[in-house]
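Peer 1: Quick one: structure below, then a few questions.
The values are calculated or read from the model by the stated rules, or taken from the named source; none is laboratory data. Not measured: the values here are computed from a predicted model. Reconstructed Cβ throughout: ideal geometry from the backbone, glycine too, with neighbour counts over all protein chains shown.
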Ligand code: ME8
């Protein structure tokens, strides 16, 4: 019987449309699952949507829909997106599924019967963004450490899970199993959370008079289950815990999450499993954030990258390759189209595309596109074979250990070596010399190595791998191009060197990755940003150019208005200015290389912490001036109600920082 591999992604909240971050985790899961299929394992891939809780109710209210209508709509968007990104999951779970609800209730009852759930009164700091209570110790300067907003203090009677009872055991388990949570920095983070003593028992209910949108507790109909307790259970409810065939076949599995949800997965979930007597997951694999100009991408910051746009523009597989190659799994990475184009040109157009293009066209010219026979091997050939074996072995080892970027780099050692081998063997000279046997061996060895590269690429670039294999005369069934793994097992490749059919006709050309130019506007944008300070100086020095004879007091001429540069900005930081009661100091993202510092006399109207993440309208080209020793470069626009109350002017929907207001 083959071994099994079960991979999950977080089930995503349906309060916002899917973005690059969600796409990344799900593409990684898809690639890992394909990789394990290539290893000959029996695989299962689960993703889904998390549909209960306060956040969803609020988002539904804002959209003027019932929670059910709202969750149906956004869950549908996630389900429609994944196939467009080449993702082939086996199962999509929704926490509003009747089957999931029943299994959550069974789990709750089991933990309750074990004596690990009790009723008590509790006051805590509740962050709606996180859907959880924070203890005093966990807050940073009184704010939620994730959202930097002030939580609400709520005092109520609730049910609690005796999580603290299992914390010493959990610390022991993590110490004894060093890769239970990986990479190591996240394992250490969870250990220090436990050791800090800040973790208490977990509040796992919400009274229905405050929140109805959840799964009813089986032992108290006046309460619903806390959304995280419900959501984490999806990983086993989907498999039919406790008695489903899939549960028997695939659990325990591998989880894939970003660092934002380390605590629920690293602390809540294993203690829940332990209490119910369910085996623990194999590994928690934790990645960092995709950042946009050093800021986390999120809807509230208005810097969201739409994955489908990137895939449509640059090609699905190039996009997938970039994501896995440019992020070191575990660390944060910066996303930019310029980085994508640079990676595309270096690895795909120059290295891989060039290799296929030159070898296939030489084979067309020298052997009428027929696969030549392999002759006697020279020392250079043996060295190449050894390098190819090493490169594949390293790729398999690294990729399997969630080091995707390094794994692909190891595979590229072979791609780069093949291009060098072409240069050093100079087939064109062998052709001129009429050394057909040696020429045939060189080309055949190249083609065999190229087949190995294409096979190894399938997990990350399924469409490209299929096309490359087809060019080498090894087509995959057309209807299943993205689903069916190519013949061969990446582990069984050792010593397999004559896979192509000698004499068979293969493609005579390949042009999968034509080089991309960096668009002028991207270059200009960059240049403009670099030059901006100088331009600003010029603007300050220039005399006002409005024709004085045309001006009417109190009336702004069109030309006056045109001088103003109004832009949308996102507040990154907001704080008080010492010894200045009225002033707030802001750092605002205006889509420029650096955030702008702007001072505003609105401190009496707003708590600075509540403004972070908000979008505002800004006069962006106001001459900078110094206030209380601090430079202020711009003005934030507000509206004043008759009673003197100020409101920040903001766009009606999320827009990219720096967007022009006209
Ligand atoms: O937390 N970079 O759902 P969620 C990389 N429903 N990955 C990112 C990202 C970014 N900038 N932004 C989001 C929830 N992600 C819960 C999960 S599971 C039982 C319940 C990805 O919609 C990443 O995988 O907020 C992160 O962990 C997840 O989206 C959070 O998704």
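Peer 1: Please determine whether any residue of segment 364-384 is under 30 Å from residue 183 (Cβ atoms), surrounded by fewer than 21 Cβ atoms within 10 Å (Cβ to Cβ) and at pLDDT 95 or above.
Peer 2: Taking segment 364-384 first, the residues under 30 Å from residue 183 (Cβ atoms) are none.
Within segment 364-384, not a single residue is under 30 Å from residue 183 (Cβ atoms), surrounded by fewer than 21 Cβ atoms within 10 Å (Cβ to Cβ) and at pLDDT 95 or above.
Peer 1: Moving on to the next point. Return the residue satisfying two criteria in turn: it lies in segment 326-340 and is within 15 Å of the ligand (Cβ to nearest atom) and in contact (Cβ under 8 Å) with a residue 60 or more places away in the chain, and of such residues it is nearest to residue 80 (Cα to Cα).
Peer 2: The extreme case among them is 335.
Peer 1: Tell me, which residue of segment 1-18 that is surrounded by fewer than 20 Cβ atoms within 10 Å (Cβ to Cβ) and more than 10 Å from the ligand (Cβ to nearest atom) is nearest to residue 92 (Cα to Cα)? Walk me through how you get there before you give the answer.
Peer 2: Step one: filter segment 1-18 for residues surrounded by fewer than 20 Cβ atoms within 10 Å (Cβ to Cβ), giving 1-4, 16-17.
Still in the running and more than 10 Å from the ligand (Cβ to nearest atom): 1-4, 17.
Numbers: 1: 26, 2: 24, 3: 23, 4: 19, 17: 17 Å.
Per the stated criteria, the residue is 17.
Peer 1: Which one of the conditions (1) at pLDDT below 95; (2) part of a helix (DSSP H, G or I) does residue 474 fail to meet, given that it meets all the rest?
Peer 2: (2)
Peer 1: Can you tell me which residue is farthest from the chain's Cα centre (by Cα) among those in segment 123-173 that are surrounded by 18 or more Cβ atoms within 10 Å (Cβ to Cβ) and free of Cβ contacts under 8 Å to residues at least 40 places away in the same chain?
Peer 2: Of everything passing the filter in segment 123-173, 125 is farthest from the chain's Cα centre (by Cα).
Peer 1: Among helices (runs of 4 or more DSSP H) lying entirely in segment 335-427, which contain 3 or more residues that are more than 36 Å from the chain's Cα centre (by Cα)?
Peer 2: Numbers: elements: 337-343, 354-367, 379-400, 404-425.
Helices (runs of 4 or more DSSP H) meeting the threshold: 354-367, 379-400, 404-425.
Peer 1: Among the residues of segment 19-77, write down those that are more than 16 Å from the ligand (Cβ to nearest atom), more than 30 Å from residue 463 (Cα to Cα) and in a helix (DSSP H, G or I). I'd like the intermediate steps shown before the answer.
Peer 2: Of the residues in segment 19-77, the ones more than 16 Å from the ligand (Cβ to nearest atom) are 34-44, 61-66, 68-69, 72.
Then drop every residue that is not more than 30 Å from residue 463 (Cα to Cα), which leaves 61-66, 68-69, 72.
Residues satisfying the conditions are 61, 62, 63, 68, 69, 72.
Peer 1: Can residue 618 be described as modelled with pLDDT of 80 or more and in a strand (DSSP E or B)?
Peer 2: Numbers: modelled with pLDDT of 80 or more: yes; in a strand (DSSP E or B): yes.
So residue 618 passes the test.
Peer 1: Also: State whether one or more residues within segment 614-623 are closer than 15 Å to residue 575 by Cα and in contact with a strand residue (DSSP E or B) (Cβ under 6 Å, 6 or more places away or on another chain). I'd like the intermediate steps shown before the answer.
Peer 2: If we filter segment 614-623 for residues that are closer than 15 Å to residue 575 by Cα, which is where we start, we get 614.
Okay, now just the ones that are also in contact with a strand residue (DSSP E or B) (Cβ under 6 Å, 6 or more places away or on another chain), so 614.
Yes: segment 614-623 contains one or more residues that are closer than 15 Å to residue 575 by Cα and in contact with a strand residue (DSSP E or B) (Cβ under 6 Å, 6 or more places away or on another chain).
Peer 1: Right, another one. Against the condition within 13 Å of the ligand (Cβ to nearest atom), surrounded by 22 or more Cβ atoms within 10 Å (Cβ to Cβ) and under 27 Å from residue 465 (Cα atoms), how does residue 323 come out, does it pass?
Peer 2: For residue 323, the condition - within 13 Å of the ligand (Cβ to nearest atom), surrounded by 22 or more Cβ atoms within 10 Å (Cβ to Cβ) and under 27 Å from residue 465 (Cα atoms) - is met.
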